[in-house]
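Contents: one structure, followed by commentary.
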Amino acid sequence: MSIQDIIEGKKEWRAHVARVKALPKDYQIVYKEIQKYLFKVGPVELTDGTGLLSGIVDLFEEGAALGKGVLEVTGRDVAAFCDDLIKDSKTYADVYQESVNQETNKAMKKVTDKTK
């Protein structure tokens with residue numbers, strides 16, 4: 001990653017944050033909760049720029065422009081909304097689980113090889 005990439009990433013993030021701040025207050029509150037939820041759940045693609053989060057802002061901007069309340073856009077179960085967004089995404093939990101399985105398999109192979 002070059003310095004230029006870091007600078008571009010910061011510019012992109014600042015522009016993203018400005019878009020969030022331009023949303024109606026109820027949308028901002030729900031967006032921040034979604035962001036916290038996604039950072040905890042950890043879809044790997046969140047580290048690849050603002051793609052997923054920008055998509056949420058796009059959806060929210062459209063909903064606000066149509067005069068809808070934020071829960072009309074997400075539904076009352078915001079966590080389920082988030083889960084649906086990332087259902088096909090690899091999470092850090094998946095990566096960790098794969099790592100544990102690989103390490104376990106290696107260790108078991110060593111044990112089995114020694115007993116032969």
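The values are calculated or read from the model by the stated rules, or taken from the named source; none is laboratory data. Just so we're clear, the structure is a prediction, and the values are computed from it rather than from any experiment. So basically every Cβ, Gly included, is an ideal-geometry build from the backbone, and we count neighbours across all protein chains shown.
Sub-7 Å Cβ pairs linking a first residue in region 25-45 that is within 14 Å of Ile56 (Cα to Cα) to a second residue that is among the polar types (S, T, N, Q) and at pLDDT 95 or above, at least 6 apart or interchain, are Val30/Thr74, ordered by first then second residue. Tell me, yes or no, whether region 8-28 has at least one residue that is within 29 Å of Gln97 (Cβ to Cβ) and either surrounded by 17 or more Cβ atoms within 10 Å (Cβ to Cβ) or β-branched (Val, Ile, Thr) (or both). No, the conditions are met nowhere in region 8-28. Evaluating Lys68 against the criteria (1) in a helix (DSSP H, G or I); (2) at pLDDT 90 or above leaves one unmet condition, (1). Scan region 85-95 and tell me whether some residue there is within 19 Å of the chain's Cα centre (by Cα), of a type outside the set (Val, Ile, Thr) and modelled with pLDDT of 80 or more. Checking region 85-95: at least one residue is within 19 Å of the chain's Cα centre (by Cα), of a type outside the set (Val, Ile, Thr) and modelled with pLDDT of 80 or more.
Entry remark, region 10-56: residues being modelled with pLDDT of 90 or more and among the acidic types (Asp, Glu) number 2 in total. Being without any contact (Cβ under 8 Å) to a residue 40 or more places away in the chain, of a type outside the set (Lys, Arg) and either assigned to a loop (DSSP other than H, G, I, E, B) or in contact with a Gly (Cβ under 6 Å, 6 or more places away or on another chain) (or both) is the filter here, so list the residues in region 74-91 that pass it. Residues satisfying the conditions are Gly75, Asp77, Asp88.
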